[in-house]
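Comments concern the structure below.
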Amino acid sequence: MIFKNKSKFVFGIIQFCIWIFLMFFFIKISPLIIFDFDDWDLMGTIRVPFPIWKGWNPTRVMPQMLLNLCGFLAGRVFYPLLGSRNYIYAITVSAAFIMSSFIMIMLLAAFYFFRDRLKCEKKKALCCELLFLIFHFAIFRNRGNSNCLFHAADLCCIFFYTLSGIVNITCVLIFLQSKRSMLERFCNWRIYRKVEFLLLVYGALFSNLFHSGIIVTFCVARVIVDLLDYLKESRKKELLRIFCKRELIEICVIFAYGIVLLFEVNGGRAAIVSDGGGFDIGTSLLQLRIMICAIAKPFMLISVVSFIGILFNRIVLYSKFDKEEKDIFDVYRMLIISLGFLTVFLLLLCAKIPYFARIEASYGVWSELSILIVIAMIVTLKNSKVGMIVIAAICTLCSIYPDGRYMISTMDETSYETCYEMDTYFVNTIYDSFVNGENEVVMEIPDYTGTSLEWAFGDNLGNAISKNMLKFGIINKLVNVKIKKNKELNEYFKVTTK
């Protein structure tokens, strides 16, 4: 059997194969590519590792630092290794490496949650881990070249939104891995694990307002559920002391989020947003409805059957479950409450900033929903040895059909070929000027006037690219770039104006 002999080695090989698949996905199937002004500028603007009072994005610490790391690895590691002066491809490989690595951390957290908390045997826990990953591709697979949950508007949104959501979901899965209190587990960890956990929680909180709500709403749900349990079981005189000791880390996370909100409401972007429009909960609800209608029918069918199955087990068969099996329903209840809180939180936030229909902004809702479905399937198919494998196979086929293609994360759905050719042209223009000893260059770009990309290709684009190349060692002297729009390039780069 796969886990009886050399189980750790085999397990490592399987996880490595998953990582290789993710790398291939982000390099070839849905390649991550730098393109617009925000991508170039934010990658080349080095972020300090703490929130900035009255900054434009005061609390986006972790995602921008990882975007900086992406540029560093691209320029200092992959660019020399790949050769051929291919800085654009080096950025793609670097972004894929970071994304794949963080997804693997999330998947490993999911594996240990399924194995340790839900008491799945190792093979079944691995199958649940794979199913959780497959759901990321299957949930909105209702046509060819569709979105997956790892899609975003552009490269910087991949880091600022999607990656922030992944880190927060990872934290939730770590919290769920044991019935013991998080504080008790934390105190028993070795120092390196404590540091890793604290860095992960810090990154989750100071990531993105849309996604830091994931860990906070979960902690609120956990505190409420445990408080209700203590009110039933504990003597009231001992309640406060025992409860606060057990829930100390969750309470600290909730209070820390207050600091996040304080920085955000005093940030530059919040001031612009607050002046830009009213509070429209109707738009948020409409966007939620649109997203629900976009869910693929096979995924919807699996969801409904799974929920009916776990409901049947809870109402009819609950008395036949042992103590450990009954804990599954406690986990499920906690996640249902957490998902409800998160959905309400995002609906209220998106009433001011209408982003709910963007997958990268509502990632937490769909990811927690996927976890709930996997748990429901564990309960429903507990006596079936092949049920999970069959469901995983069906979802895999649904994710591939009809063309195996997924949209790439670029502004205005610009094709990868156009992005690559244009980026290469920009970088080579600046690089050739640097090699020739020039301090300034006029760089012609397509004329995006009248299109949705007009703002993303303004007069500062060239200097943002030059600064980026300087920061990460492609050039060692800043080249001043003046932009000149040339409509003749529109046809070459397949740019259409309205």
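The values are calculated or read from the model by the stated rules, or taken from the named source; none is laboratory data. Please read these numbers as outputs of a predicted model, since none were measured by experiment. For neighbour counting, all protein chains shown are included, and Cβ atoms are generated from backbone atoms with ideal geometry for every residue, glycine included. Areas reflect the complete protein model, heavy atoms only, side chains present, ligands, DNA and RNA absent. Shrake-Rupley method; radii C 1.70, N 1.55, O 1.52, S 1.80 Å.
Taking region 334-357 as the range and being open to solvent by less than 10 Å² (accessible area, probe 1.4 Å) and under 23 Å from Leu311 (Cα atoms) as the test, the residues that pass are Leu335, Ser338, Leu342. For the condition under 18 Å from the mean Cα position of the chain (by Cα) and either closer than 26 Å to Asp38 by Cα or of a type in the set (Lys, Arg) (or both), Leu163 qualifies. If I filter region 401-422 for residues that are among the acidic types (Asp, Glu), assigned to a helix (DSSP H, G or I), modelled with pLDDT of 90 or more and open to solvent by less than 10 Å² (accessible area, probe 1.4 Å), do I get at least one hit? No.
The residues of region 136-158 that are within 26 Å of Cys70 (Cβ to Cβ) and assigned to a helix (DSSP H, G or I), listed by number, are His136, Phe137, Leu155, Cys156, Cys157, Ile158.
The residues of region 309-324 that are in contact (Cβ under 8 Å) with a residue 40 or more places away in the chain and open to solvent by less than 80 Å² (accessible area, probe 1.4 Å), listed by number, are Gly309, Ile310, Asn313. Before we move on, is Phe50 over 18 Å from the mean Cα position of the chain (by Cα) and open to solvent by 30 Å² or more (accessible area, probe 1.4 Å)? Spelling it out, Phe50 is indeed over 18 Å from the mean Cα position of the chain (by Cα) and open to solvent by 30 Å² or more (accessible area, probe 1.4 Å). Of the helices (runs of 4 or more DSSP H) lying entirely inside region 26-131, those containing at least 1 residues that are under 19 Å from Gln15 (Cβ atoms) are 87-112. Ile18 - would you say it is open to solvent by 40 Å² or more (accessible area, probe 1.4 Å), under 21 Å from the mean Cα position of the chain (by Cα), of a type outside the set (Lys, Arg) and closer than 28 Å to Ala125 by Cβ? No, not satisfied.
Looking across region 240-261, the residues that are assigned to a helix (DSSP H, G or I) and open to solvent by less than 60 Å² (accessible area, probe 1.4 Å) come down to Ile242, Phe243, Cys244, Ile249, Glu250, Ile251, Val253, Ile254, Ala256, Tyr257, Gly258, Val260.
Quick grid of which residues meet (1) touching a residue at least 60 places away in the same chain (Cβ under 8 Å); (2) within 20 Å of Met23 (Cβ to Cβ); (3) hydroxyl-bearing (Ser, Thr, Tyr):
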residue: Pro80; (1), (2), (3): no, yes, no
residue: Arg85; (1), (2), (3): yes, no, no
residue: Ala95; (1), (2), (3): yes, yes, no
residue: Phe102; (1), (2), (3): yes, yes, no
residue: Leu118; (1), (2), (3): yes, no, no
residue: Lys122; (1), (2), (3): yes, no, no
residue: Ala125; (1), (2), (3): no, no, no
residue: Phe132; (1), (2), (3): yes, yes, no
residue: Phe140; (1), (2), (3): yes, no, no
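Beta carbons closer than 8 Å, at least 6 apart along the sequence or on distinct chains, pair a first residue in region 144-165 that is on the phi > 0 side of the Ramachandran plot with a second that is at pLDDT below 95 and of a type in the set (Phe, Trp, Tyr) for Asn145/Tyr406. Take the residues in region 434-480 that are among the charged types (D, E, K, R) and under 29 Å from the mean Cα position of the chain (by Cα), then tell me which one is most open to solvent (accessible area, probe 1.4 Å). That would be Lys471.
Considering every residue within region 180-191, establish whether at least one is in contact (Cβ under 8 Å) with a residue 24 or more places away in the chain, basic (Lys, Arg) and either more than 24 Å from Glu324 (Cα to Cα) or not in a helix (DSSP H, G or I) (or both). No, there is no match, as no residue in region 180-191 is in contact (Cβ under 8 Å) with a residue 24 or more places away in the chain, basic (Lys, Arg) and either more than 24 Å from Glu324 (Cα to Cα) or not in a helix (DSSP H, G or I) (or both).
Scanning region 105-120 for residues that are open to solvent by 60 Å² or more (accessible area, probe 1.4 Å) and either among the basic types (Lys, Arg) or touching a Lys or Arg at 6+ places or on another chain (Cβ under 8 Å) (or both) returns Arg115, Lys119.
Being hydrophobic (A, V, I, L, M, F, W, C) and out of contact with any Ser or Thr (no Cβ under 6 Å at 6 or more places or on another chain) is a description that does not apply to Ile33. Residues in region 59-96 that are surrounded by 22 or more Cβ atoms within 10 Å (Cβ to Cβ) and of a type in the set (Ser, Thr, Tyr): Thr59, Tyr79, Tyr87, Thr92, Ser94. Restricting attention to region 47-67, the residues being β-branched (Val, Ile, Thr) and closer than 15 Å to Leu155 by Cα number 0. Which one is nearest to Gly282 (Cα to Cα) among residues in region 325-360 that are basic (Lys, Arg) and in contact (Cβ under 8 Å) with a residue 24 or more places away in the chain? In this case the residue turns out to be Lys352. Out of curiosity, is Glu360 farther than 21 Å from Phe114 by Cα, surrounded by 20 or more Cβ atoms within 10 Å (Cβ to Cβ) and charged (D, E, K, R)? Judged against the criteria, Glu360 is a match. Listed by first and then second residue, the pairs linking a residue in region 56-72 that is more than 19 Å from Gly473 (Cβ to Cβ) to a residue that is of a type in the set (Asp, Glu), with Cβ atoms under 8 Å apart and 6 or more places separating them unless they lie on different chains, are Pro58/Glu264; Thr59/Glu264.
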